[in-house]
Amino acid sequence: MPADYDVVIIGGGNAGFCAAHAAAEQGASVLMLERAPETEAGGNSFYTAGAFRFAIDSLDDVVDLFDDEITTERLSDSVLPPYTVADFRHDMERVTEGRCDPLLTDVLVSRSADTVRWLAGRGLQWRLMYERQSYLSGGKWVFSGGLYVGTVSGGKGLIARHTAAARAAGVEIRYGADVTGFSLTGQPMVNYRFGDGKATQVYAGAIVLAAGGFESSPERREKYLGAGWGAAMVRGCPTNTGDVLELALAAGAAPYGDWTSCHSVAWDAGAPPQGGNRELTNQLTRQSYPIGIVVNTAGERFVDEGADFRNYTYAKYGKEILAQPEGRAFQLFDATTRPLLRKEEYDSTPISDAVADSLPELATKLGIDPDGLVETVDAFNASIIDKPFDPAVFDGRAAQVMPPKSNWAMALQTPPYYGYAVGCGVTFTFGGVHVDDTANVLDRDGSSIRGLYAAGEMVGGLFSGNYPGGSGLTSGAVFGRLAGEHAALTALNKVSG
Ligand SMILES: Cc1cc2nc3c(=O)[nH]c(=O)nc-3n(C[C@H](O)[C@H](O)[C@H](O)COP(=O)(O)OP(=O)(O)OC[C@H]3O[C@@H](n4cnc5c(N)ncnc54)[C@H](O)[C@@H]3O)c2cc1C
């Protein structure tokens, strides 16, 4: 059968769109199949803050990317510590405790900056993320955590721009198209069905898998991540159920990376469990815990809130919350620290919060043991090393209790007290399929599977146990671009792969 399209892409998130742009650039005809209807499209990528981690040697590297008002106005008062390719690689190795695949990591970090620039050329718009990544210190906006740049209007802006660029390049997008199978024998073919149950098929020169992980399936979370994970709340789209991952394994792809861990965070305890809120998207995250304390229902602390910049701890602390009684935790602040909380998360959508003039009263309102909380806070307050508080740097202002709080320890002592109830919000899963440095899927013998590429959350081997914030979109972009380019070259018979 002749191919209907040179490249068929399964999944319409950031990785799928990057593959679409790159394939179209090679002159390929491109079809994207997206399971969700158009009104719910964009995958997890839609729900993001649009934060992209990439190597930046200095502010001069990126100034020409920005044209939004706030960034332009504050640029000369902004301090961006250099974040080199070596820093990015080191962060990957550090947070995964050496479990990231060296080759794939090298592809990710070395192509990160160039890929962001390439996306700018496709119409994506960028800004410095002042509200998330900087504190005003000495009259300067000081950034930290190796993550400075995001898309204008976050994930919503990202997907709107991607969609417009793909359509302008002639990419055809079919929404409500649920892929149920694919075959690589002879001419590659993809089976899918629409919501009305009508089954159909399409022939392709090459196939790109960009259909996310298995985070939205409670059954697969229980199976691969372990007992209890079925109860986690889904932060993003409800459609990343892992069906395409299983299809890929059945087609001979090698499972790769860490299938037993995932990205999970502190998420508002009152959020919908089976998928994020398309209006609020990322605002249901509660990420200012490094300047407060986090306790469980017994009033006990259980993590070092100040172990590192938020970007390097938030993705592993969801798991710690899930392990607490009732899978619940509470972030606590007082009148001194409350003004420092991220406005878009703590001011705009407080669903599960309480305010009180005393700690026992706050505890009672939130369902924490009052005596346990008072005991914890008394010990915490008494143990703080008296150094100047500075949230923009590691200030060494530690609380010497168990567990310690290594930085940014402020006594909880000035009423009113503020508390936020959080549960575990699962973001995405880390296990995937094995790909090479062209995003070509490999089989269990390490041989390439001709005509099959993968990108985004479907790529295994990059993250394990933890994750440097902002790397998911970069990974989707880097490997999506490679997948689209090489799928097109294969389909157009310009290379053998
Ligand atoms: C609330 C939230 C905030 C986040 N913030 C950030 C951030 O700021 N920066 C960052 O780097 N990362 C962030 N992430 C992680 C980021 O979303 C992912 O790493 C990234 O978006 C994954 O892109 P993707 O294209 O692989 O998957 P997705 O964007 O999830 O796209 C996969 C698509 O495949 C479709 N699909 C699934 N199965 C099928 C099927 N059978 N047939 C057809 N289509 C199918 C899905 O419907 C979906 O649209 C965040 C995630 C969430 C949930």
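The values are calculated or read from the model by the stated rules, or taken from the named source; none is laboratory data. Fair warning: this is a prediction, and the values are worked out from it, not measured in the lab. Glycine also receives a Cβ, built like all others from the backbone with ideal geometry; neighbour counts cover every protein chain displayed. Keep in mind that these areas ignore ligands, DNA and RNA; they rest on the heavy atoms of the full protein, side chains included. Shrake-Rupley method; radii C 1.70, N 1.55, O 1.52, S 1.80 Å.
Hey, if you drop one equal point scatterer on each alpha-carbon of segment 265-425 and run the Debye formula without solvent, what base-10 log of I(q)/I(0) do you get at q = 0.19 Å⁻¹? Summing over Cα pairs of segment 265-425 leads to -1.23. Normalised per residue, the accessible area of the chain is 36 Å², obtained with a 1.4 Å probe and no contribution from ligands, DNA or RNA. When both segment 465-497 and segment 253-273 are represented by their alpha-carbon centers, they are found 22 Å apart. When all protein chains stay in place and ligands, DNA and RNA are ignored, the 1.4 Å accessible-area order of T285, T200, largest first, is T200, T285. Across segment 347-496, C-alpha contacts under 8 Å between residues 6 or more apart give a mean separation that, scaled by the residue count, equals a relative contact order of 17 percent.
Here segment 83-165 has 52 percent of its accessible surface on carbon and sulfur atoms, given a 1.4 Å probe and all protein chains in place. A simple packing score, the average count of other Cβ atoms within 10 Å per residue, orders the peptides 16-24, 385-393, 413-421, 459-467 as 16-24, 459-467, 413-421, 385-393, with the highest score first.
Note on the chain: antiparallel DSSP beta bridges, both residues inside, total approximately 70 percent of the bridges counted. Computed on protein heavy atoms with a 1.4 Å probe, the accessible areas place K343, K156 in the order K343, K156, largest first. E485 contributes an accessible area of around 50 Å² to the protein surface, as traced by a 1.4 Å probe with all chains present. Under a 5 Å amide H cut-off, with hydrogens placed 1.01 Å from N, S288 pairs with R342 among residues at least 5 apart or on other chains. Split the accessible area of segment 265-425 by element, probe 1.4 Å, and carbon with sulfur accounts for 54%.
Solvent exposure of M410, expressed as accessible area, is near 40 Å², computed with a probe of 1.4 Å over the protein chains only.
Working from Cα pairs under 8 Å separated by at least six residues, relative contact order for the chain is 24 percent. Most tightly packed first, judged by the mean number of other beta-carbon atoms within 10 Å of their residues, the peptides 203-211, 188-196, 141-149, 299-307 read 203-211, 141-149, 299-307, 188-196.
In the frame of its principal axes, segment 169-246 has Cα extents of 42, 28, 25 Å, reported largest first. For segment 265-425, the relative contact order is 35 percent, taking Cα pairs closer than 8 Å that sit 6 or more residues apart in sequence and dividing their mean separation by the residue count. Mean shadow of the chain, computed from the convex hull of its alpha carbons, in nm²? So the Cα hull casts an average projection of 22.1 nm². Using only Cα atoms, tell me the angle between helix 85-95 and the longest principal axis of the chain; keep it within 0 to 90° and round to the nearest 10. For helix 85-95, the angle is close to 70 degrees. Each listed q (0.17 Å⁻¹) maps to a log10 I(q)/I(0) for segment 397-497, found by the Debye formula over equal Cα scatterers with no solvent: -0.84.
Under 24 Å of direct C-alpha separation, and excluding same-chain neighbours fewer than eight residues apart, K343 reaches these lysines: K140, K156, K316, K365, K405.
The order of S348, S58 by accessible area, most exposed first and with a 1.4 Å probe, is S348, S58. Max-minus-min Cα coordinates of segment 239-299 on each principal axis give 48, 27, 20 Å, with the largest extent listed first.
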